[in-house]
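Here is the structure we will look at, set down as structure tokens.
The values are calculated or read from the model by the stated rules, or taken from the named source; none is laboratory data. The shown structure was predicted, so the numbers you read here are calculated from the model rather than taken from an experiment. Note that we place each Cβ from the backbone using ideal geometry, even for glycine, and neighbour counts take in every protein chain shown. With ligands, DNA and RNA removed, areas are computed over all heavy atoms of the protein, side chains included. Shrake-Rupley method; radii C 1.70, N 1.55, O 1.52, S 1.80 Å.
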Amino acid sequence: MNFVINGDSGDRPGLRGSRCAECGEVVFPAVLDCPSCLATGSMVDHQLEGHGEIANFTVAERGPTGFDVPYVQAWVRLDDGPTVFGILVVNDPSNAQLAHGQPVTITIGPIGSPASDVMGWQFVPDAVTK
Ligand SMILES: [Zn+2]
């Protein structure tokens with residue numbers, strides 16, 4: 001799996017990425033060779049903390065089978081570097097007050113409809129979690 005339920009932060013899930021022992025580049029998902037300095041076999045396990053900000057988002061009015069629409073797709077720039085794709089969990093996707101740069105926190109949940117048995121990472125705007 002690309003995520004862990006109890007991340008290193010202790011209060012939220014984490015994503016399994018990797019960090020280059022040569023140049024410090026952090027990527028997700030984990031890889032063996034560094035995409036930045038091109039060192040081979042230089043990547044070591046590195047857990048991403050699962051907090052970041054919305055880099056971009058869109059409200060999807062259509063989705064694949066098993067997805068309740070509308071829902072929000074987003075690119076999230078993590079505090080520890082990489083930008084990852086995920087679903088934003090909001091109550092009313094078509095009218096949600098979302099903005100670029102808005103802080104979000106990772107959560108693990110069903111992908112698609114609430115009845116889905118496929119689990120994955122999603123993000124929740126910080127204002128909703130407080
Ligand atoms: Zn490197």
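When the criteria are applied in full, V84 meets the requirement of being away from the ligand (no atom under 16 Å from the Cβ), in contact (Cβ under 8 Å) with a residue 40 or more places away in the chain and among the aliphatic types (A, V, I, L, M).
Condition first: under 14 Å from the mean Cα position of the chain (by Cα) and open to solvent by 30 Å² or more (accessible area, probe 1.4 Å). Now tell me which residues in the range 78-101 satisfy that. Spell out how you get there, then give the answer.
Taking the range 78-101 and keeping what is under 14 Å from the mean Cα position of the chain (by Cα), we get 78-89.
The answer is D79, D80, G81, T83, F85, V89.
Here P70 fulfils each of the conditions (1) open to solvent by 50 Å² or more (accessible area, probe 1.4 Å); (2) under 21 Å from V118 (Cβ atoms) apart from (1).
Can you name the residue in the range 1-56 that is open to solvent by 20 Å² or more (accessible area, probe 1.4 Å), over 20 Å from the mean Cα position of the chain (by Cα) and of a type in the set (S, T, N, Q) and, of all such residues, is farthest from the ligand (Cβ to nearest atom)? The residue in question is T40.
From the list T65, T83, T58, pick out the single residue that is among the polar types (S, T, N, Q) and within 20 Å of G17 (Cβ to Cβ).
Values: T65 fails: within 20 Å of G17 (Cβ to Cβ); T58 fails: within 20 Å of G17 (Cβ to Cβ).
Step by step, each of T65, T83, T58 is checked, and only T83 is among the polar types (S, T, N, Q) and within 20 Å of G17 (Cβ to Cβ).
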